[in-house]
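Working notes, structure below.
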Amino acid sequence: MYSNLTDLLNRDSAAYEFFYALSPQTQELLQERGARSLEELQQAVADIDTHERPSAF
């Protein structure tokens, strides 16, 4: 586990590639959450997809 999101992205190439493949809006939301591992990053994206995505009619 890394000390913060920046440290994670600087040191873990898989996390870096995952993060920068996301939309700018999702990246911004993730920066607010401060994931410290790839697993936390992936879980945060799943949470964002569940809670931030508009509901179907």
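Summary of values
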read-out	value
Any hit, the stretch 38-56, residues being of a type in the set (A, V, I, L, M, F, W, C), in a loop (DSSP other than H, G, I, E, B) and either in contact (Cβ under 8 Å) with a residue 12 or more places away in the chain or open to solvent by less than 50 Å² (accessible area, probe 1.4 Å) (or both)	no
Any chance ARG33 is of a type outside the set (Phe, Trp, Tyr), surrounded by 10 or more Cβ atoms within 10 Å (Cβ to Cβ) and within 10 Å of the chain's Cα centre (by Cα)	yes
In the stretch 1-37, the residues that are among the hydroxyl-bearing types (Ser, Thr, Tyr) and outside any loop (DSSP other than H, G, I, E, B)	THR6, SER13, TYR16, TYR20, THR26
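The values are calculated or read from the model by the stated rules, or taken from the named source; none is laboratory data. It should be emphasised that the depicted structure is a prediction, and the values quoted were computed from it without experimental measurement. FYI the Cβ positions are ideal-geometry reconstructions off the backbone, even for glycines, and counts take in every protein chain you see. Accessible surface is based on the protein model in full, side chains and every heavy atom, while ligands, DNA and RNA are left aside. Shrake-Rupley method; radii C 1.70, N 1.55, O 1.52, S 1.80 Å.
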